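The values are calculated or read from the model by the stated rules, or taken from the named source; none is laboratory data. Please read these numbers as outputs of a predicted model, since none were measured by experiment. No Cβ is skipped: glycine too gets one built from the backbone with ideal geometry, and neighbour counts run over all protein chains shown.
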């Protein structure tokens with residue numbers, strides 16, 4: 001859940017913002033854990049039911065995605081702890097975000113923002129996934145070479161992709177390949193090649209802009225919109 005310490009945001013100038021959601025006071029962590037436990041009588045049966053098939057899992061995922069902010073964040077975090085292959089601590093899954101498959105792992109302190117769609121993916125700790133981002137199972141969902149058969153009926157190929165620790169995936173981006181540790185994917189980027197660690201990429205298709213820690217070039221595009 002978003003918690004910030006800041007003054008009023010003014011027009012035409014940037015204000016410093018401190019994000020506090022992963023540095024909460026101990027009492028907030030305890031309170032959230034206690035509230036999470038209270039959801040178990042509901043989410044645990046749903047998680048067990050979801051183990052029967054991906055169709056059931058996706059149905060429950062879409063249903064829970066519609067729960068509003070504070071309640072939804074807690075319920076979804078507890079559900080995915082039981083339902084996914086792995087879901088770490090302090091994971092924030094926002095309104096409208098859905099998972100297509102159960103075979104997903106998520107590290108600690110991860111934010112998956114509104115209306116994102118997650119396919120087969122391993123997500124590292126402290127990753128930020130912006131609004132309307134899509135993490136696909138590779139780039140070969142359907143073969144397209146044969147013209148005598150509709151593409152929807154042709155065989156496809158899928159693979160797992162991975163986001164390293166401390167990644168930032170910008171809003172409306174589509175990721176089809178691995179993103180290395182500490183990399184930034186700009187808003188609206190289409191990632192069809194692996195992104196090296198600490199690299200900032202942007203565009204369609206995504207191209208390197210610079211490495212983090214290096215000076216920004218004049219006219220460099222903003223890497224992403226606010227993901228939280």
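Some observations on this one:
- Test: residue 197 is within 28 Å of residue 66 (Cβ to Cβ) and in a loop (DSSP other than H, G, I, E, B): no
- Among the residues making up segment 88-103, those that are in contact with a helix residue (DSSP H, G or I) (Cβ under 8 Å, 6 or more places away or on another chain) and closer than 18 Å to residue 56 by Cβ are 98, 99, 100, 101, 102.
- Residue 225 vs. criteria more than 18 Å from the chain's Cα centre (by Cα), modelled with pLDDT under 95 and either within 25 Å of residue 142 (Cα to Cα) or part of a loop (DSSP other than H, G, I, E, B) (or both): no
- Residues in segment 142-159 that are closer than 19 Å to residue 120 by Cα and either outside the structural domain of residue 176 (by TED's automatic domain parsing) or surrounded by 11 or more Cβ atoms within 10 Å (Cβ to Cβ) (or both): 6 in all.
- Meets criteria (in a loop (DSSP other than H, G, I, E, B) and touching a helix residue (DSSP H, G or I) at 6+ places or on another chain (Cβ under 9 Å)) for residue 142: yes
- Within segment 17-133, helices (runs of 4 or more DSSP H) holding 3 or more residues that are closer than 24 Å to residue 171 by Cβ, in contact (Cβ under 8 Å) with a residue 12 or more places away in the chain and outside the structural domain of residue 166 (by TED's automatic domain parsing): 54-64, 69-83
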